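One structure is given here, and the rest of the page talks about it.
The values are calculated or read from the model by the stated rules, or taken from the named source; none is laboratory data. Values in this document were obtained by computation on a predicted structure and should not be read as measured data. Note that we place each Cβ from the backbone using ideal geometry, even for glycine, and neighbour counts take in every protein chain shown.
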Number of protein chains: 2
Amino acid sequence: MKEKKLTTENYKGTRDFFPEDMRIRNYLFSIMKQVVRSYGYEEYDGPMLESLDLYRAKTGEEIVGKQIYDFVDKGGREVAIRPEMTPTVARMVASRLRELPRPIRWFSIPNLWRYEQPGHGRLREHWQLNVDIFGVNHHAAELEIFSLACDILFAFGAPRNSFRLKVSHRSLLDEFFQNGLKLKPEQAHDVSKILDKKSKITQDEYVSMVQKVVPNNNDAVTLIDQFLNSNIANLKEIPGISEDSYQKIQSLFSDLESLGLRDIIDFDPSVVRGFDYYTGFIFEIFDTSPKNKRSLYGGGRYDNLIGLFSHEELSGTGFGLGDVTLLNFLQTHNLVPNLSNENTVFIPLLDETFFLSCQTIAKEFRKHGIPVDQALVSQKMGKQLSYAEKKGYRWILLLGEDEIAKNLVTLKDMQERSQETFSLEVALQKVNEQTKK
Amino acid sequence: MKEKKLTTENYKGTRDFFPEDMRIRNYLFSIMKQVVRSYGYEEYDGPMLESLDLYRAKTGEEIVGKQIYDFVDKGGREVAIRPEMTPTVARMVASRLRELPRPIRWFSIPNLWRYEQPGHGRLREHWQLNVDIFGVNHHAAELEIFSLACDILFAFGAPRNSFRLKVSHRSLLDEFFQNGLKLKPEQAHDVSKILDKKSKITQDEYVSMVQKVVPNNNDAVTLIDQFLNSNIANLKEIPGISEDSYQKIQSLFSDLESLGLRDIIDFDPSVVRGFDYYTGFIFEIFDTSPKNKRSLYGGGRYDNLIGLFSHEELSGTGFGLGDVTLLNFLQTHNLVPNLSNENTVFIPLLDETFFLSCQTIAKEFRKHGIPVDQALVSQKMGKQLSYAEKKGYRWILLLGEDEIAKNLVTLKDMQERSQETFSLEVALQKVNEQTKK
């Protein structure tokens, strides 16, 4: 009877990163880190498990109720696998509120978990670049964050017209709901949740959901439409909007104009972010391609998160960019480069007695930062070359009896389909020169 | 009444990585990756949650029973946060057994979780470099793995006498127990678990534990001592050891001699690895410092792990190196470099109207890969300089009315305590030249 074998499948909604997938992930991370570091942001990380209380406070109900990976540990503690990073960064900043020089500019690329039905761009485990600045009340923080958020896409080669950044301010929504539509706080909360989901439901569903929450106002849907479609010029005509909020928008956009970012940034009051902790400007970046017309990432300002831990307040502004969404964007716009192993040098083993000579040469190349795959078992030449080809290696370094006797090496360039015999130094130099840095 | 605040403490047994901690973690990872890649190993990663069944099969009982973070997900699946990486890599290799060119050389630096009482070098979350080679039956795989494992410590600047690699082979223990001591399989298993713990318990505890498992053999403790203290010269005198096993050790050490590794590698039959899946050579690297005399890391050969998933067999050899242990070793030997932010250029804001000019200069530096922290709010000069000092920045770029009018910048070098006014190009060049790469 055959013994039962374990499945090789990974857990639902997750990914195995084979070397070719990992090369892409490393490429995404390295470009993101390069841009974020160029703005003086420093990397941090927190533990993957946090106390469940951390999320109960401010993460949206839908996430904590249905989507969080929570359990009780063997010591009776209620813990959760982090579904987002903002609560962790707020906790860490709060723990050193006195010592940290301000502004605090931090970033991280944590893996996050949500229990969801896996689908296009939605997985149970994903990685997310989190960028945050704390301690700047002025909208100069927004200017920096927007500029940085756009520079990340530019660094991947995204054309200027491939995306748009859309901005709103929480107070617009609040004022319109409270003073314009005269909604009670719970109604306002429910309508904002409906707006956040609007693009994922039909117009009929949307209308009936709004009418359910605001039953005694027949104009509600029309007024909301008017609000959602307003622009800076007619924003003052929207019922409930204060002069102060209008000035905030006006002044931000005037500075965006000076910084040369106005052409890719829009005012858009329909931007509503899911998290309850946002209190100021909120924004989302959208792909403009008709093939991938969706929100790529976003963020905003949160003034009260530090206050969960401390009696002091500290304003934060930040965003999160997921790896799956980013990769979809890059694929849609044909921006994923061809990443290969071609820089690796392969040294076949032509005879077992050559092993030591091969190792000496391998060491020399490795010392110069060139990766070497040394064959460990002697096999037919054809088999070894076919292995090198499958691996995508460009360079093959042949050491036969002749080479060893004369202290030379034969270098085969699989790309140019050429081969020549050199001294070790010349071979090293040749590989080094031709290596893509 | 004061409102109750959330704790800023992280979950027990974990670490918050503040920027200064993260710089060390990044340094550790980058040196490890550099060495491992220089041997042609490719990076992979798997999901952080796996099916609990994956560990039930071969991970030691102690871990699966008491130390694993397992729970039932919202869909009723039994899952575990990975306590080790070997089952994941075996699963992934097994899933592409036909396609992957052999040998398969892979590495990863996953975070792993164990529910333990936190203590020196023991945390609930840690990171571990995992290096594995599959598909080489010859001990050439061991030669490569040992050489690589030592090169990692050398790359951190470890002196040749700061550690020793100790090797044994599972068959020695098996033969000695079965044919020398005539133990039954369960007894052999129990005694090997006792030996694995030997360094952590007293001699009296050890003796009484052995006598409990082997009650009817008064010589057991003496014979085990003789076995544990044997060397290559007298290995053949140990009861039960076969000629074949002796030859394996003899031949490996003769090749280690040729490769110039014999001086740091010992044969040591007292090496017993905790995981049940090892089947061939096993090894551990020990710190030689009297202050930190403990096992740093280790690994071995496992022939049957792929067989859990497939009817084909594929031999693997590998090791795992934890970040906490590595850092302890480096600290003991004074090998942790001083990692700072000094390469960052700080641009204070002397007047709000200069913001745009400052941003233009900042962009130019960032384009050349130099990180720039641009002040977002104008403050007194003293306050801005004190911020730059706290952050550890070396360079300050001053833009006043004069500089802006003349298209110049004043560069202050906090290290040399000097300042000079240059054109942007010269300032860029100067910072670039003096920057530690």
On the basis of being modelled with pLDDT under 95 and in the same structural domain as B:L153 (by TED's automatic domain parsing), does B:Y55 make the cut? yes
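Answer yes or no as to whether B:R114 is among the basic types (K, R), touching a Lys or Arg at 6+ places or on another chain (Cβ under 9 Å) and in contact (Cβ under 8 Å) with a residue 40 or more places away in the chain.
Values: among the basic types (K, R): yes; touching a Lys or Arg at 6+ places or on another chain (Cβ under 9 Å): yes; in contact (Cβ under 8 Å) with a residue 40 or more places away in the chain: yes.
Spelling it out, B:R114 is indeed among the basic types (K, R), touching a Lys or Arg at 6+ places or on another chain (Cβ under 9 Å) and in contact (Cβ under 8 Å) with a residue 40 or more places away in the chain.
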The condition of being in contact with an Asp or Glu (Cβ under 7 Å, 6 or more places away or on another chain) and among the aromatic types (F, W, Y) holds, among B:F17, B:F71, B:F29, only for B:F17
In this structure, is B:K390 modelled with pLDDT of 95 or more and either over 26 Å from A:H139 (Cβ atoms) or within 37 Å of the chain's Cα centre (by Cα) (or both)?
yes
Within segment A:233-245, the residues that are assigned to a loop (DSSP other than H, G, I, E, B) and either in contact (Cβ under 8 Å) with a residue 40 or more places away in the chain or not assigned by TED's automatic domain parsing to the domain that holds A:D219 (or both) are A:I238, A:P239, A:G240, A:I241, A:S242
Within segment A:140-171, residues being outside any strand (DSSP E or B) and within 20 Å of A:Q250 (Cβ to Cβ) number 10
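Condition check: under 18 Å from B:M32 (Cβ atoms) and either at the interface with chain A (Cβ under 8 Å from one of its Cβ atoms) or in contact with a strand residue (DSSP E or B) (Cβ under 6 Å, 6 or more places away or on another chain) (or both). Does B:S108 satisfy that?
So B:S108 fits the description; yes.
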The number of residues in segment B:192-205 that are assigned to a helix (DSSP H, G or I) and either within 25 Å of B:T279 (Cα to Cα) or hydrophobic (A, V, I, L, M, F, W, C) (or both) is 9
- request: May I ask you to verify whether B:G65 is more than 10 Å from chain A (Cβ to nearest Cβ) and outside any helix (DSSP H, G or I)?
  value: no
The lone condition A:V221 fails out of (1) surrounded by fewer than 18 Cβ atoms within 10 Å (Cβ to Cβ); (2) of a type outside the set (S, T, N, Q); (3) assigned to a loop (DSSP other than H, G, I, E, B) is (3)
B:S315 fails exactly one of (1) hydroxyl-bearing (S, T, Y); (2) under 16 Å from B:V167 (Cα atoms); (3) surrounded by 15 or more Cβ atoms within 10 Å (Cβ to Cβ), namely (2)
Exercise. Does A:E257 meet the test of being under 22 Å from the mean Cα position of the chain (by Cα), among the acidic types (D, E) and not in a loop (DSSP other than H, G, I, E, B)?
Worked result: no
Fill in: Test for B:L143: is it assigned by TED's automatic domain parsing to the domain that holds B:D196 and touching a helix residue (DSSP H, G or I) at 6+ places or on another chain (Cβ under 7 Å)
yes
Expected single match for within 8 Å of chain A (Cβ to nearest Cβ), touching a strand residue (DSSP E or B) at 6+ places or on another chain (Cβ under 9 Å), of a type in the set (A, V, I, L, M) and buried (at least 20 other Cβ atoms within 10 Å of the Cβ) among B:V79, B:V93 is B:V79
For segment A:399-416, indicate whether the set of residues that are buried (at least 18 other Cβ atoms within 10 Å of the Cβ), in contact with a strand residue (DSSP E or B) (Cβ under 8 Å, 6 or more places away or on another chain) and in contact (Cβ under 8 Å) with a residue 40 or more places away in the chain is non-empty. yes
By residue number, the members of segment A:22-55 that are touching a helix residue (DSSP H, G or I) at 6+ places or on another chain (Cβ under 8 Å), under 24 Å from B:E125 (Cα atoms), assigned to a helix (DSSP H, G or I) and at the interface with chain B (Cβ under 7 Å from one of its Cβ atoms) are A:L54
Segment B:298-380: strands (runs of 3 or more DSSP E) wholly inside it with 3 or more residues that are in contact with a Leu (Cβ under 9 Å, 6 or more places away or on another chain) are B:316-322, B:345-347
Those residues of segment A:331-357 that are more than 9 Å from chain B (Cβ to nearest Cβ) and surrounded by 22 or more Cβ atoms within 10 Å (Cβ to Cβ) come to a total of 2
Only one of A:D268, A:D303, A:D323 is acidic (D, E), over 30 Å from A:Y393 (Cα atoms) and touching a residue at least 60 places away in the same chain (Cβ under 8 Å), namely A:D268
*Selection status of B:M85, buried (at least 19 other Cβ atoms within 10 Å of the Cβ), at the interface with another protein chain (Cβ under 9 Å from one of its Cβ atoms) and either under 30 Å from B:L305 (Cβ atoms) or out of contact with any Asp or Glu (no Cβ under 6 Å at 6 or more places or on another chain) (or both)*: no
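Can you find a residue that is among the aliphatic types (A, V, I, L, M), in contact (Cβ under 8 Å) with a residue 12 or more places away in the chain and farther than 29 Å from A:F154 by Cβ anywhere in segment A:281-289?
Looking for residues that are among the aliphatic types (A, V, I, L, M), in contact (Cβ under 8 Å) with a residue 12 or more places away in the chain and farther than 29 Å from A:F154 by Cβ, one finds none in segment A:281-289, hence no.
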*asked:* Within segment A:10-21, does at least one residue satisfy the condition of being modelled with pLDDT of 95 or more, more than 7 Å from chain B (Cβ to nearest Cβ), assigned to a helix (DSSP H, G or I) and farther than 30 Å from B:A375 by Cα?
replied: yes
Exactly one of A:S230, A:S208, A:S192 is in the same structural domain as A:D268 (by TED's automatic domain parsing), farther than 17 Å from A:S270 by Cα and among the hydroxyl-bearing types (S, T, Y), and that residue is A:S208
- Restrict the check to segment A:354-367 and report whether at least one residue is outside the structural domain of A:P118 (by TED's automatic domain parsing), on the phi > 0 side of the Ramachandran plot and under 42 Å from the mean Cα position of the chain (by Cα). no
B:L112 meets each of (1) within 15 Å of the chain's Cα centre (by Cα); (2) more than 24 Å from B:N292 (Cα to Cα); (3) among the hydrophobic types (A, V, I, L, M, F, W, C) with one exception, condition (2)
Residue count, segment A:267-326, condition within 18 Å of the chain's Cα centre (by Cα) and among the hydroxyl-bearing types (S, T, Y), comes to 4
Across segment B:362-387, the tally of residues that are crowded, with 21+ Cβ neighbours inside 10 Å and modelled with pLDDT under 95 stands at 0
